[in-house]
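A quick write-up on the structure given underneath.
The values are calculated or read from the model by the stated rules, or taken from the named source; none is laboratory data. Note that the structure is a prediction, hence the values are computed from the model and not measured. Backbone-built Cβ (ideal geometry, glycine too); neighbour counts: all protein chains shown. Side chains included, ligands, DNA and RNA excluded: accessible areas come from the protein's heavy atoms. Shrake-Rupley method; radii C 1.70, N 1.55, O 1.52, S 1.80 Å.
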Amino acid sequence: MGVYLVSVCAEDWFTEGEDGWGEIATALNDELRQQGLPPYESVPEETDFVRGSGQAFEEKMSPSMDGFVALCRAHLSREDEETICGWTVLVPFSLDETILLPLGSGYTEASTVVAGAPQVLAIAERLAAAVGLPAETPHMCDNLDLTMWFGEGAAKRLAAARPGPWSDDLDAAFYVAVFLRAAQHSLRRGCPMTYS
C-alpha cells in the first residue's frame, strides 16, 4: 500500500469513471480553452513494459517529506514551494500558473491542482543543484528505481564514499530526485503524471 507517483497513458487519461481520468481531462481542456490555450489531447498510448526503457514511471512516495519541505523553504520562494509540493496532476506543457479543478483525483477528494512540467522541472533542477544530486541517481524510473536506489543501500554506499549536501538527508534527496525525474519523464514522453 501507499501512495505512488505514476505516469498515465491515453487509455486511462481519457476513460470516464472510477478507473480513469476522463473527468479531469475534460475539465482541464475546458479550462485550457477558457485561457485561449489548445486542449491537451496527444497523450501517448501504453507500451509493453521493458525495464529501463523510460516508457513508464512509478515511484512509491513513502519516506518522510519533512526534510524535503525544509529544503524547499531554505531554497525556494513560497510560490515555488507550493508549485513543486502542491500539484496532484503534472502535464507536459507550460502553464503560467497552476490550475485548480473542482474535482477530486487520486488521493484528494475536493480538488485537483494541475501544474506544468516545465515549471516543476526548473524548480527541481534548482533543488538538485543545491544539494548536488549525484549523477548516479537513476534516470529511468519505470519500476521503483529511485525507491530501491535510495531505500536498499546503493545511495547509502555512495554517500559513504562520496558524501555531500545530498547525503545529509537521503529522504529529502529522494524527493528531489522523484520530482526531477517525474518532470523529465512527463516532458520526454508527453504524458501526464499523477498520484495513485
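Residues in the stretch 2-21 that are open to solvent by 30 Å² or more (accessible area, probe 1.4 Å) and of a type in the set (Val, Ile, Thr): 2 in all. In the stretch 185-196, of all residues being assigned to a helix (DSSP H, G or I) and in contact with a Pro (Cβ under 8 Å, 6 or more places away or on another chain), the one that is surrounded by the most Cβ atoms within 10 Å (Cβ to Cβ) corresponds to Ser186.
Could you list all residues from the stretch 146-157 that are without any contact (Cβ under 8 Å) to a residue 60 or more places away in the chain and open to solvent by less than 50 Å² (accessible area, probe 1.4 Å)? Across the stretch 146-157, the qualifying residues are Trp149, Gly153, Ala154, Ala155. When the residues of the stretch 31-77 are filtered to those that are of a type in the set (A, V, I, L, M, F, W, C) and surrounded by fewer than 17 Cβ atoms within 10 Å (Cβ to Cβ), the one that is farthest from the chain's Cα centre (by Cα) is Leu37.
Yes/no per residue for (1) modelled with pLDDT of 95 or more; (2) touching a Phe, Trp or Tyr at 6+ places or on another chain (Cβ under 8 Å); (3) farther than 27 Å from Leu170 by Cβ; (4) polar (S, T, N, Q):
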site	(1), (2), (3), (4)
Glu16	no, no, yes, no
Asp30	yes, no, yes, no
Phe49	no, no, yes, no
Thr83	yes, no, no, yes
Leu95	yes, no, yes, no
Pro102	no, no, yes, no
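Do the conditions hold for Ala182, that is, is it at pLDDT 95 or above, touching a strand residue (DSSP E or B) at 6+ places or on another chain (Cβ under 6 Å) and either closer than 19 Å to Arg78 by Cα or surrounded by fewer than 19 Cβ atoms within 10 Å (Cβ to Cβ) (or both)? Criteria not met by Ala182. Collect the residues in the stretch 78-100 that are hydroxyl-bearing (Ser, Thr, Tyr) and surrounded by fewer than 18 Cβ atoms within 10 Å (Cβ to Cβ), keeping them in residue-number order. Hit for the stretch 78-100 is Ser94, nothing else.
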